[in-house]
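Laboratory data are not the source of any read-out in this text; all were calculated from the coordinates shown. All of these numbers come straight from a predicted model, not from anything done at the bench. Positions of Cβ are backbone-derived with ideal geometry, glycine not excepted, and every protein chain shown enters the neighbour counts.
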Amino acid sequence: MKTFFKIFFASLLALIVFTVIGLFILIGFISTATTSEVPVVGSKAVLVLDLSVNFKEQAVEDPLGELFSSAEANKPSLFDVVRLLGEAKSDSAVKGIYILASDNANGFSSSEELRKAVLDFKKSGKFVIAYGETMTQKAYYVASAAERVYVHPQGGLEWSGFSSNLLFLKGMLDKLQIEPQIFYAGKFKSATEPLRETKMTEANRLQTSVWLGDLYSAFLKAASTARKIDTAVLHQLANEGDIQTAVDAEKYQLVDGLKYDDEVKGEILQRLKKGAGSSINFVTINEYAAATTLGDFSGSGKIAIIYAQGDIVSQEGDEEQVSSDLYKNVIRRARLDKDIKAIVLRVNSPGGSALASDVIWREISLARKEKPVVVSMGDVAASGGYYIACNADAVFANETTITGSIGVFSIVPNFESFLKNKLGITTDRVRTAPYADMGAGDRPLTAIEKRFFQAATDSIYHTFKKRVAEGRERNIEYIDSIAQGRVWTGKRALEVGLVDKIGTLQDAVKHAAKLAKIDDDDYRLREYPEKKNFFEQIMGNYKRSIKTNLIKDEIGVEQWQLMQQFRQVKQMVGEPQARVPYFLTIH
């Protein structure tokens, strides 16, 4: 017994010692993170804009990366990047911008905002050079705004036109004997097509051709303006497959030259009037964000920017989703806060739960009675994403925003044959009413039950159209004619009256200030959802990054993306959905 107590107390003492040491180490880390010096830009700085970084709607903070001195731990938001480029325009320390343009991880609408910011920066007379070893079309869309565009001599420029590829699951479901019982309203509402078709319907092919053509036209127009080449010529280059090598890209004047990395750096040194072999003070956009104070922190009136990015879900969701529980409270707080004079809702969402969308719509409607509400649309603000946007005082979109898709669908899977014939599983039941097990999934719906589901879908669709008609001040018959689940680009949405203006988030903020009668220089911004505290960020980021990275490393990025698509299909089951037609994959 004496030996037991000896071991026990020794172990207890060791545990206490290690706990205290760990606590001191953690406090030291926190102290280091909170007292770290603000980075200094230095002289003759060249701002680096890396398009392979996906700039989300809200800034990404990684305290663990900060603790271990990772310069790229935190990433500014898209809005911050745009404003930082504006700040650099008048910053005497910044002499130019170097765009890394091999790939572009940002959507077309986000790229449109980045491109406009680069063009605005060029007005300063400072240089902008873009370089990529092999440059994708989406990267070129932004890079073409540069003063000089270069690619690697053995690299190249993608110039093949756009395509949108869809994955159809019906054949697999047929083999598994799984019946996806589907109910939808709107002839263009093709979110369920992958489950009920083996190829595009004609309606879907038509709408895809139109919106994809609009994106392609915007791309060609941007290139045409930058390179002073007619769009018809640019289109023909893709049609004929004329751009196959870097030499071809230079021959047809799509790039200014073929250079190795050291040669590009040599030109930058010349622009900086520094000798060969000198070092270049490259400053990443992340480092510049840490060193720069954006002008949001003065002024008597507050404007709230509420970022709604991700799938719209009922009740609680994760950080990558728009949870109705969270967002109704966020909007309510902004509405009741007397210091907040206007609200800007930034929507970057393909939609989701119709019920959750209506919950958020209600809060927007109440807020609008108290103060101006302006919507800014990002890459996608469609279906449920449009539902929550339609009742604002003004709606802004970029030309390449994907929006509309006013329609509804429901999915009730029937696994009876799969369970019985593939797994040897059968089920039985006792009911107290004929419809007690309706939608259980282990039997097909009856004809009456199918009518129930279709009626519910039609009812939600009617409500959706009514909300849009009221918000856009049009009759419901007209809204029905442009609804039907059809997807529109921002440019066409303006023509049919679904949005009010083509403009960026910055334009939407300025308009909100005008509606609230606040001078341009007399407001400050407050962003929602509010940032989590230090410990919440550490635990949340650690758990999410470990889980994501482990799975990605094991199955690969493409399989990971496929798994995310299946996850979204799973979320659609059992609840009426107002969601964009399908997973938009553009090549």
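Run the quick spin-label model on Phe162 and Leu336: label points 7 Å from Cα toward the beta carbon, then report their separation in nm to one decimal.
The answer from the label model is 4.3 nm.
Divide the volume of the convex hull of the Cα atoms of the stretch 352-403 by its number of residues and quote the answer in cubic angstrom per residue.
Normalising the Cα hull of the stretch 352-403 by residue number yields 55 Å³.
Peptides 248-260, 390-402: what's the order by average Cβ count within 10 Å, highest mean first?
The densest-packed peptide leads the list: 390-402, 248-260.
Within the stretch 461-517, which GluC sites (Glu not before Pro) sit in a loop by DSSP and count at most 15 neighbouring Cβ atoms inside 10 Å?
Sparse-neighbourhood loop GluC sites (Glu not before Pro): Glu473.
Given the peptides 485-494, 193-202, arrange them by the average over their residues of other C-beta atoms within 10 Å, most packed first.
Those peptides, ordered most packed to least, come out 485-494, 193-202.
In whole angstrom, how far apart do the alpha carbon centroids of the stretch 163-189 and the stretch 455-522 sit?
So the two Cα centres are separated by 29 Å.
By average Cβ neighbour count within 10 Å, what is the ranking of 512-522, 318-328 from highest down?
318-328, 512-522
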